[in-house]
Amino acid sequence: MDDLLARAVHNLFDRIDGPMAIRLVIQPIVATAFALRDGLRDARQNRTPYGWSLFMDPEHRGHRLRDGWRSIRTVFFAALAVDVVYQLVQLDWIYLGEALIIAQIVALLPYVFVRSLTNRIVRILPQ
């Protein structure tokens, strides 16, 4: 078990400066573009910031998750596919758990953060 964890951590950190590292910049930028669009829409519709509503609004959580997933799923699956290609090239093996972690980091985290932040900023700016 210790070897598995050590390998996973080592493999995850090797992605930062290895080949195809540019994807770790491009994919969050694409996720940010989708998040800006959706955050502006949320602000116009006077919705609660996305990240906050996921945790604090159980009544609408399912709807908000489906809405967010519709927007970000293509970027998420692209991040997943690119990481699988990276693993095949660099590691000669596919570690699905590691690919899922990377896809979440480069696609889902920026999306949730930027969508929420955009909504908050737009709503506090004078109209």
Quiz prompt | Whether the range 34-74 is rounded, prolate or oblate, judged on the alpha carbon gyration tensor where a/c under 1.5 counts as rounded | solution = oblate
Exercise. In debye, nearest 20, what is the charge dipole magnitude of the range 31-111 about its Cα centre with +1 on Lys and Arg Cβ and -1 on Asp and Glu Cβ, if you could check?
Key: 460
Quiz item: So, in nm, how far is label Asp67 from label Ile101 when the simple model puts each one 7 Å beyond its Cα toward the Cβ?
Solution: 3.2
Quiz item: What label, among (1) 53, 48, 23; (2) 72, 23, 15; (3) 53, 29, 21, belongs to Cα extents along the principal axes in Å computed from the structure on display?
Solution: (3)
Practice problem: Step through the residues of the range 18-27 one at a time and calculate ³J(HN,Hα) from phi using the Karplus curve (6.51 cos²θ - 1.76 cosθ + 1.60, θ = phi - 60°), rounding each to whole Hz and writing x for Gly and Pro. | Solution: x, x, 6, 5, 4, 5, 6, 9, 5, 5
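FYI, it's all coordinate maths here, none of it is from the lab. Given the structure is predicted, the values throughout are model-derived calculations rather than measurements. All Cβ positions, glycine included, derive from the backbone under ideal geometry; neighbour counts span all protein chains shown.
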